[in-house]
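The block underneath contains the structure these notes are about, expressed in structure tokens.
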Amino acid sequence: MTAKTGDNKIRRSRNGCNECRRLHRRCGEQKPACETCVTDGKECSYERTLGWITGTSKRANARARRAQVRNGVVSPPASNSSSSDDDATSLQALPGLPGTVNWLPWLSTRHRSLVAHFANTTCSISFLDIKSHHSLCSAILPLALDTTWSFHLVAAILCVSMTHRTSLGLETDASEIDYWESMAVGHLRRQKVNHDETSENVFATTALLLCMKEIISGGEKAHSWRAHLQGAMAVLEKPTLEGTLEREHLRKLGQTMQRLALIFCLPTHAKVKPVCSSPFHFSSCDYFDEELGFSAAILHTLHDIEQVAADMTALLHLEHASTGQDIDMESLWASLMDRINALVKQSEVILEDLAALKEEVESATELTEHEEFALLNQAYYHITLSQVQLRLLGHDVDSDHVQEALASAMHCVQKIKFRDHSSPAMALLQPAFIIGCFAGSGEMREQVLAVLDTMKRQHGRENAKRARELLVELWVRRDGESDVAREERLHLRQKLGVPHRARSYEWSDLMAEKGWDLCLW
């Protein structure tokens, strides 16, 4: 048998037309027909089949896939050309999208229904308002419809859709999810990506959808969703000459996922890595961010909390290392306390301004989504105030100040209604989890679990289920902490003589121990 040479490998074509792939020869990849097929008088096609193989073994599946490639494109069933509402799921009337199932003739009826599920349902749980939902669909689906860029993006859509349906209990075949995922990941592993904006958008969108799949499935693969998000943002943040609206929609989605992954109002464990190491650039003006669910001022406050906490740690190290040195530690601590008090005052003033809204909401029988956005914003302010008290003022988790702030935040969360479309309720996972991390009473913990259970049951959020598991075990460990351990922490605070939060067992310790990578998006 003749050994394969390097020339043989070079002649193989993985991205060429079906005829060149069948003969394992290099393809010029000219459109609509390559030069070789024109010369040979052969029919030239670049379309690929997306039919799911249901063989009983990997070898059988591989043989079937090779047969499909040899035979070219598999024709769809005749009924696909005249599908009715009884045998297929059509897309709802979204702006700029086809209103019939005939727009993907090379997909089976079932796979078209999966694409429809992605557009109508999966995307709806990812945004807080219908406008953003429609904007994402108008950016992603046209890219998937254009078979010029192969079908890896469609594979990613099917992967996300099936993952979501599995979480809802509507699908059970995990092997099909793996199949579509491997096909989509294969596109990301290609060494060369064309430098035109459309091909970059396809690459970035595929990565974003794989990130979404990992988040919805609960983050079982550690750091996987972060890697996909980093890859997508590396492409989307590149400067472009065209600057199309499509690119802007995709960049907005990626930035929203990136920011929500980083703004945990909680100190993180060293093993829980951030998505990126670069700090955020905050705008100078305050505005309400409908993608995040709260005003930009909260981002400023969270940033200040992290800065002050880092400075507090640095002062502690300096104080312990400066024995005999002429350093005015008293002035340094006084300056730091002024910054802490300013943060407390800032949060309290904002909450006073929101008091009028609270009275209006209490008297309303049915809240508008605008009022629910305001409630969500108010809940985040209460949570932010609790973090100032915990991390900077040294209050215990069980202190009245902390628990009152958390109870007020939980009251706002409970007022927000779950709907069957994009709404402010889609953003309740993060505030509910943060409240749960510090909730002391059994009643508040039950309220947190009720929110997480609803998100899992109604919206198929597997990350909500994973958050629930983390909280339940966190409560067991925290409640089981011995009195000796508590006394040791109290002694440490007294020895330091400065405001310092008594550290209990935290969510990040548990997540690092479990090897999970939870995202609260």
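The values are calculated or read from the model by the stated rules, or taken from the named source; none is laboratory data. Remember, predicted model here, so these are calculated numbers, not experimental data. A quick note on method: Cβ atoms are made from the backbone with ideal geometry, for glycine too, and the neighbour counts reach across all protein chains shown.
So, residue 497, is that one modelled with pLDDT under 90 and either of a type in the set (Phe, Trp, Tyr) or within 17 Å of residue 215 (Cα to Cα) (or both) or not? No; evaluated as a whole, the condition is false for this residue. Total residues in region 125-160 satisfying the condition of being part of a helix (DSSP H, G or I) and either among the aromatic types (Phe, Trp, Tyr) or farther than 25 Å from residue 186 by Cβ (or both): the figure is 9.
Does any residue of region 351-371 turn out to be of a type outside the set (S, T, N, Q), at pLDDT 75 or above and either loosely packed, with under 15 Cβ neighbours inside 10 Å or within 21 Å of residue 408 (Cα to Cα) (or both)? Don't jump to the end; show me each part of the working.
From region 351-371, those of a type outside the set (S, T, N, Q) are 351-362, 364, 366-367, 369-371; that's our starting set.
Retained after the next criterion (residues that are at pLDDT 75 or above): 370-371.
Remaining after also requiring either loosely packed, with under 15 Cβ neighbours inside 10 Å or within 21 Å of residue 408 (Cα to Cα) (or both): 370-371.
For region 351-371, residues of a type outside the set (S, T, N, Q), at pLDDT 75 or above and either loosely packed, with under 15 Cβ neighbours inside 10 Å or within 21 Å of residue 408 (Cα to Cα) (or both): present.
Residues that are surrounded by 24 or more Cβ atoms within 10 Å (Cβ to Cβ) and farther than 17 Å from residue 470 by Cα were ranked within region 212-227; the one that is modelled with the lowest pLDDT is 225. For region 141-162, the criterion of a residue being of a type in the set (Phe, Trp, Tyr), surrounded by fewer than 21 Cβ atoms within 10 Å (Cβ to Cβ) and under 24 Å from residue 252 (Cβ atoms) is satisfied by at least one position. Filter region 381-400 down to residues that are of a type in the set (S, T, N, Q) and closer than 22 Å to residue 296 by Cβ and give me whichever is surrounded by the fewest Cβ atoms within 10 Å (Cβ to Cβ). Taking the candidates together, the pick is 387. Of the helices (runs of 4 or more DSSP H) lying entirely inside region 401-481, not one carries at least 3 residues that are crowded, with 21+ Cβ neighbours inside 10 Å and in contact with a strand residue (DSSP E or B) (Cβ under 9 Å, 6 or more places away or on another chain). Considering (1) among the β-branched types (Val, Ile, Thr); (2) assigned by TED's automatic domain parsing to the domain that holds residue 343; (3) modelled with pLDDT under 75, the lone condition that residue 272 does not fulfil carries the number (2).
Cβ separations smaller than 6 Å between residues 6+ apart or across chains give the following pairs from region 405-424 residues that are under 14 Å from residue 375 (Cα atoms) to residues that are part of a loop (DSSP other than H, G, I, E, B) and of a type in the set (A, V, I, L, M, F, W, C): 413/428; 424/128; 424/416. In region 162-181, the residues that are aromatic (Phe, Trp, Tyr) form Cβ pairs under 8 Å with partners that are in a loop (DSSP other than H, G, I, E, B) and modelled with pLDDT under 90, at six or more places apart or across chains, as follows: 179/52; 179/53. Annotation for region 173-190: no member residue is at pLDDT below 85 and either assigned by TED's automatic domain parsing to the domain that holds residue 17 or polar (S, T, N, Q) (or both). For region 290-308, the criterion of a residue being within 24 Å of the chain's Cα centre (by Cα), surrounded by 14 or more Cβ atoms within 10 Å (Cβ to Cβ), of a type in the set (Asp, Glu) and at pLDDT below 75 is satisfied by at least one position.
Answer with yes or no whether residue 135 is surrounded by 19 or more Cβ atoms within 10 Å (Cβ to Cβ), polar (S, T, N, Q), in the same structural domain as residue 236 (by TED's automatic domain parsing) and out of contact with any Asp or Glu (no Cβ under 6 Å at 6 or more places or on another chain). Steps first, please.
Working: surrounded by 19 or more Cβ atoms within 10 Å (Cβ to Cβ): yes; polar (S, T, N, Q): yes; in the same structural domain as residue 236 (by TED's automatic domain parsing): yes; out of contact with any Asp or Glu (no Cβ under 6 Å at 6 or more places or on another chain): yes.
Against the criterion (surrounded by 19 or more Cβ atoms within 10 Å (Cβ to Cβ), polar (S, T, N, Q), in the same structural domain as residue 236 (by TED's automatic domain parsing) and out of contact with any Asp or Glu (no Cβ under 6 Å at 6 or more places or on another chain)), residue 135 qualifies.
Residue 397 falls short on exactly one of the conditions (1) of a type in the set (Val, Ile, Thr); (2) part of a helix (DSSP H, G or I); (3) farther than 18 Å from residue 348 by Cα, and that condition is (2). Selection of first residues in region 315-337 that are more than 22 Å from residue 394 (Cα to Cα) and of second residues that are modelled with pLDDT under 85 and of a type outside the set (Val, Ile, Thr), restricted to Cβ pairs under 9 Å at least 6 apart or on distinct chains, gives the following pairs, ordered by first then second residue: 322/329; 327/318; 327/319.
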